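Following: one structure in structure tokens, then a few remarks.
The values are calculated or read from the model by the stated rules, or taken from the named source; none is laboratory data. These figures come from a predicted structure and were not determined experimentally. Cβ atoms come from the backbone with ideal geometry, glycine included; neighbour counts cover every protein chain shown. Note: accessible area is taken over every heavy atom of the protein model, side chains too, but ligands, DNA and RNA are not part of it. Shrake-Rupley method; radii C 1.70, N 1.55, O 1.52, S 1.80 Å.
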Amino acid sequence: MLQISSFANRSWTQTQGSGWLGELQTHGWDSVLGTIRFLWPWSPGNFSKEELKNLQALFQLYFHGFTLEVQAFASQFHFEYPFELQVSFGCRMHAGKTTESFLMGAYQGLDFLSFDGSTWVPSPGAGSSAQNVCKVLNRYRDIKEIVQSLLSDTCPRLLAGLLKAGKSELERQVKPQVWLSSGPSPGPGRLLLVCHVSGFHPKPVWAMWMRGEQEQPGTQRGDTLPNADGTWYLRVTVDVAAGEAAGLSCRVKHSSLGGHDIIIHWGGHSILLILICLTVMVTLVMLIAVDSGFKYQSPAFPTGTNTQGPKKSGPLCLAQESGIENRFLKKWKMRLHQLW
């Protein structure tokens, strides 16, 4: 569970709460209604409705009381407005057994205190403020007993239930789609090569620009971002001289690939440029075919008397034929613009 409480002044505060199973968010906290939001059908785990109701009531009391206590002791603890407090609470499991439980607090993003199982302990270097907070918290035996119960019993049971109920989602394997493009030029004579890796699950992935079997120096990896369908997206770039782009490739490793890495070579031309060239070639072929068809269907005018009426002059026929071809050209140009 992650908690972020922002205190703008003595009267305004905002708290965000969320629950996570590894990299997957499973729960949220509606601070307006004071209710737990279950983000997956299996998010309740194996808890009964009554247990969930009691857990929700506990969080309601906690968030309300936390805000009041911090505001009351802010000046004593030398918390200077505006400030932010963060709490990380949870447990880890390995081979079906709980291996570690933890509760850590931070002030302005820096380690502040932790709970070692029976006592509140200030973090090294946190100063006298953290020491004073721990002295106050250690006076409350009831709070320590509640925290001990949550860490030793509630969290492990919830974790075990989530791992079982969400097994299909947690073990889902989706292969990544990989493509290359060029980004904005970093400078004269240089190229920014971009490797896009998208649609993969689970989140852990390895992607790198390579020259042969060697990693290309200067490769930059962006943040792994979520897609709307629950999969992930990653962007990996490298800045190289234009003459050094040939021979580079993007290599991707992911658990869904079964050990068969995806390797895409940089060919010096973007996919968009290749599509445009192919489209232009197809357009030319079609225009030639259309032109030949019109010529084949044009009647041969006899040298004798024309009983069908006055014969059309040559320039008029050419103008009509040119108009038809122009209409085809306009349609194909429109298609090209839609492709671009």
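Key figures for this structure:
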{"quantity": "Residue count for region 29-82, restricted to those that are part of a helix (DSSP H, G or I) and not aromatic (Phe, Trp, Tyr)", "calculated": "20"}
{"quantity": "Tally of residues being under 30 Å from Val205 (Cβ atoms) and part of a helix (DSSP H, G or I) across region 148-178", "calculated": "14"}
{"quantity": "Verdict on Ala160 being farther than 30 Å from Ala95 by Cβ, open to solvent by 30 Å² or more (accessible area, probe 1.4 Å) and modelled with pLDDT under 95", "calculated": "no"}
{"quantity": "Residues satisfying the stated conditions in region 194-229, i.e. of a type outside the set (S, T, N, Q) and in a loop (DSSP other than H, G, I, E, B)", "calculated": "Pro202, Lys203, Pro204, Val205, Gly212, Glu213, Pro217, Gly218, Gly222, Asp223, Ala228, Asp229"}
{"quantity": "Positions within region 179-193 being over 16 Å from Arg235 (Cα atoms) and in a strand (DSSP E or B), in sequence order", "calculated": "Arg190"}
{"quantity": "Test: residue in region 131-144 that is out of contact with any strand residue (DSSP E or B) (no Cβ under 7 Å at 6 or more places or on another chain), over 17 Å from Gln76 (Cα atoms) and touching a residue at least 24 places away in the same chain (Cβ under 8 Å)", "calculated": "yes"}
{"quantity": "Enumeration of residues in region 148-190 that are out of contact with any Phe, Trp or Tyr (no Cβ under 9 Å at 6 or more places or on another chain), farther than 17 Å from Ser256 by Cα and hydrophobic (A, V, I, L, M, F, W, C)", "calculated": "Leu159, Ala160, Leu163, Trp179"}
{"quantity": "Residues that are within 24 Å of Trp20 (Cα to Cα) and part of a helix (DSSP H, G or I), drawn from region 116-144", "calculated": "Ile143, Lys144"}
{"quantity": "One residue from Ser270, Ser255 being at pLDDT below 95 and surrounded by 12 or more Cβ atoms within 10 Å (Cβ to Cβ)", "calculated": "Ser270"}
{"quantity": "Looking only at region 63-91, and only at residues there that are out of contact with any helix residue (DSSP H, G or I) (no Cβ under 8 Å at 6 or more places or on another chain) and closer than 23 Å to Ala160 by Cβ, the one that is surrounded by the most Cβ atoms within 10 Å (Cβ to Cβ)", "calculated": "Val87"}
